[in-house]
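Quick notes on the structure that follows.
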Amino acid sequence: MTAIANRQITDQDILPVSEYAKIRKEHKQKLIPIKKNRRIAIGPYATFYFESYETMWAQIHEMLYIEKGGTEQLKDELEAYNPLIPNGSELVATFMIEIDDPIRRDFMLRKLGHIEDKVFLSIAGEKTFAVPEQEVERTTEDGKTSAIHFLHFPMTPPQRQAFKETTVDVQLGIEHEDYGHIALLNGDVRAALAEDLID
């Protein structure tokens, strides 16, 4: 476990925009292998990007670099992204429904209302459902879901221990009536995510 795992980001961790600009390209390259081992595709359209201190640090810096909102913006970014850093007893993912064609995307999002409530993690056959971030309702009254969701996967201590045992089957799945798919978690992805969990 790295020293920064599960730690919240403070204003002390943030580089001035001018300093970040100097390392931006190099840092993006360093993030590629980290993000690769934290990305899981499920079915044709759903992708989960499991977040960490490193990914959220980069996201906050990118937002500040692009929007240049200064101290006031930083406060908002910390409030928005700190909850997406896993706290040691959970995994946290940005769940995206990725469809390039805007007409087909709109059609599918209208079919997939409340899909955010149908995502689960199965550990040794024990299924637990993800908990969506509650900052905004992600399915509208007319049944259209958002293309982006933020999900927490809380685990009990025995589940966290089992997740780290490579002999135990772990699956990430969606059981929506119009989108039923499962992916097995193993290899480098499983190892990377296990580092988010404290026994």
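The values are calculated or read from the model by the stated rules, or taken from the named source; none is laboratory data. Given the structure is predicted, the values throughout are model-derived calculations rather than measurements. Neighbour counts are summed over all protein chains in view; Cβ atoms, including those assigned to glycine, are modelled from backbone coordinates with ideal geometry. Side chains are part of the model used for accessible areas, which takes the heavy atoms of the whole protein and leaves out ligands, DNA and RNA. Shrake-Rupley method; radii C 1.70, N 1.55, O 1.52, S 1.80 Å.
Report yes if some residue within the stretch 132-154 is under 15 Å from the mean Cα position of the chain (by Cα), of a type in the set (A, V, I, L, M) and closer than 27 Å to residue 167 by Cα; otherwise report no.
yes
Kindly indicate whether any position in the stretch 118-127 is modelled with pLDDT under 95, surrounded by 15 or more Cβ atoms within 10 Å (Cβ to Cβ) and touching a strand residue (DSSP E or B) at 6+ places or on another chain (Cβ under 9 Å).
Taking every residue of the stretch 118-127 in turn, none turns out to be modelled with pLDDT under 95, surrounded by 15 or more Cβ atoms within 10 Å (Cβ to Cβ) and touching a strand residue (DSSP E or B) at 6+ places or on another chain (Cβ under 9 Å).
Given the residues 100, 76, which is the only one that is open to solvent by 10 Å² or more (accessible area, probe 1.4 Å) and farther than 30 Å from residue 111 by Cβ?
76 is the lone residue from the list that is open to solvent by 10 Å² or more (accessible area, probe 1.4 Å) and farther than 30 Å from residue 111 by Cβ.
Would you mind stating whether residue 76 is over 28 Å from residue 196 (Cβ atoms), out of contact with any Lys or Arg (no Cβ under 6 Å at 6 or more places or on another chain) and either in contact (Cβ under 8 Å) with a residue 24 or more places away in the chain or not β-branched (Val, Ile, Thr) (or both)?
Judged against the criteria, residue 76 is not a match.
Can you find, within the stretch 128-166, the residue that is farthest from residue 197 (Cα to Cα) among those that are part of a strand (DSSP E or B) and open to solvent by 60 Å² or more (accessible area, probe 1.4 Å)?
Here the residue is 148.
Being within 30 Å of residue 172 (Cα to Cα) and assigned to a helix (DSSP H, G or I) narrows it down to one residue among 19, 79; which is it?
Step by step, each of 19, 79 is checked, and only 79 is within 30 Å of residue 172 (Cα to Cα) and assigned to a helix (DSSP H, G or I).
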